[in-house]
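The values are calculated or read from the model by the stated rules, or taken from the named source; none is laboratory data. These numbers come from a predicted model, not from an experiment. Glycine gets a Cβ as well: all are built from the backbone with ideal geometry, and neighbour counts include every protein chain shown. For accessibility, only protein heavy atoms count, side chains too; no ligands or nucleic acids. Shrake-Rupley method; radii C 1.70, N 1.55, O 1.52, S 1.80 Å.
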Amino acid sequence: MEIKMTNLTKEFQGVAAVDHVNLTMGEGVYGLLGVNGAGKTTLMRMLCTLIRPSSGCITCNGKNIFEMDGAYRRLIGYLPQEFGFYPEFSVQDYLMYVSSIKGVRPAVARKRIPALLHQVGLSRAKNKKMKKLSGGMKRRAGVAQAMLNDPKILILDEPTAGLDPNERIRFRNLISELSSERLVLLSTHIVSDIEYIANQVLLMKDGRICQAGTQEEILRATPVRVWSFFAEKKEIETWQRNYLVSNVKTLPEGVMLRVLSEQAPCREAKEEAMTLEDVFLYWFGEKAGNHDDVL
């Protein structure tokens, strides 16, 4: 399975939400990381054929996905940021309803739904009304509906938004389990969502893919280093104004700062190992006082 985007562009009123993206994806988990407004949802909606590109193309195994029409859509499962449901439907009725829309035969759906409910941890809630589910349970029901047609391409847009840490961990484990022999594209602005499960990390900024590769490749390609050092509390604002500060730990006698810089910011600075969170700050952060150009 190969998805290829060539000079993919989508403009809204002359503004490029997705700007000449060139990317090839195969089986595995791809983490699409960027701030809100970076173009992640627009990219995913084009991959799901919900909107057409202004220019460029997307191919699946060499064929244009818009020309493939239903043959392509049968290959994909999609969980949008917000998905609709009838609140009075039980979880099981909701999945039967969605399976009918997707063209899954009733006999196949009746066999597949119990297995999916078990996989997403909703077997005991199958008769519970959708409106009674917690946020995490609704997202798991959303994954189940995306998996009804046993897709080869699974597209998840901000799947952990609004979930507590326990639900996010459960969700990451579920996605990892579902990724076998599939192409999974997961968009988020939460670094930990992809830090442990993504085979490839895609950084998206202003509609462009600014970095792509394994986490190790992304870390090596980031042209700054990470430093930690002790400072007085009254100096915090000065450091934040002049450097990208990724962490401030308050101590009784002052603060311990973690900053990004090409060179050691002071004589006492100790170099630390870079993390994906540091990379996120490098690409999407801003120094204190630069709030006029929010990304």
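The residue of segment 225-248 that is most open to solvent (accessible area, probe 1.4 Å), among those that are free of Cβ contacts under 8 Å to residues at least 40 places away in the same chain and part of a helix (DSSP H, G or I), is K234.
In this structure, does V104 turn out to be of a type in the set (V, I, T), open to solvent by 50 Å² or more (accessible area, probe 1.4 Å) and over 27 Å from the mean Cα position of the chain (by Cα)? The answer is no for V104. Restricting attention to segment 166-178, does a residue exist that is assigned to a helix (DSSP H, G or I), surrounded by fewer than 17 Cβ atoms within 10 Å (Cβ to Cβ) and of a type in the set (A, V, I, L, M)? Checked against the condition, which is being assigned to a helix (DSSP H, G or I), surrounded by fewer than 17 Cβ atoms within 10 Å (Cβ to Cβ) and of a type in the set (A, V, I, L, M), segment 166-178 yields at least one hit. Candidates are the residues of segment 1-38 that are within 26 Å of Y282 (Cβ to Cβ) and part of a loop (DSSP other than H, G, I, E, B); the one that is most open to solvent (accessible area, probe 1.4 Å) is N36. Once segment 241-295 is narrowed to residues that are among the basic types (K, R), touching a strand residue (DSSP E or B) at 6+ places or on another chain (Cβ under 8 Å) and at pLDDT 90 or above, the residue that is farthest from R225 (Cα to Cα) is K249. Only residues that are loosely packed, with under 15 Cβ neighbours inside 10 Å and in contact with a strand residue (DSSP E or B) (Cβ under 7 Å, 6 or more places away or on another chain) were counted in segment 207-224, giving 4. Just one residue in the set L257, L219, L186 is in a strand (DSSP E or B), in contact (Cβ under 8 Å) with a residue 40 or more places away in the chain and not charged (D, E, K, R); that residue is L186. Within segment 128-138, being open to solvent by 90 Å² or more (accessible area, probe 1.4 Å) and more than 11 Å from Y94 (Cβ to Cβ) holds for one residue alone: K132. Close contacts from segment 61-78, counting a first residue that is closer than 9 Å to I153 by Cα and a second that is surrounded by fewer than 21 Cβ atoms within 10 Å (Cβ to Cβ) and among the basic types (K, R), with Cβ to Cβ under 7 Å and a gap of 6+ residues or different chains, come to L75/K152. Out of curiosity, is R168 without any contact (Cβ under 8 Å) to a residue 24 or more places away in the chain and of a type in the set (K, R)? So R168 does not fit the description; no. Restricting L203, L174, L163 to residues that are under 28 Å from P53 (Cα atoms) and either modelled with pLDDT of 90 or more or of a type in the set (A, V, I, L, M, F, W, C) (or both) narrows the list to L203. Taking segment 139-150 as the range and being open to solvent by 10 Å² or more (accessible area, probe 1.4 Å) and more than 12 Å from F171 (Cβ to Cβ) as the test, the residues that pass are Q145, N149, D150.
How many residues are hydroxyl-bearing (S, T, Y) and assigned to a strand (DSSP E or B) when one looks only at segment 39-56?
Of the residues in that region, 1 qualify.
Can A264 be described as among the hydrophobic types (A, V, I, L, M, F, W, C) and touching a Gly at 6+ places or on another chain (Cβ under 6 Å)? Taking the combined requirement at face value, the residue does not satisfy it.
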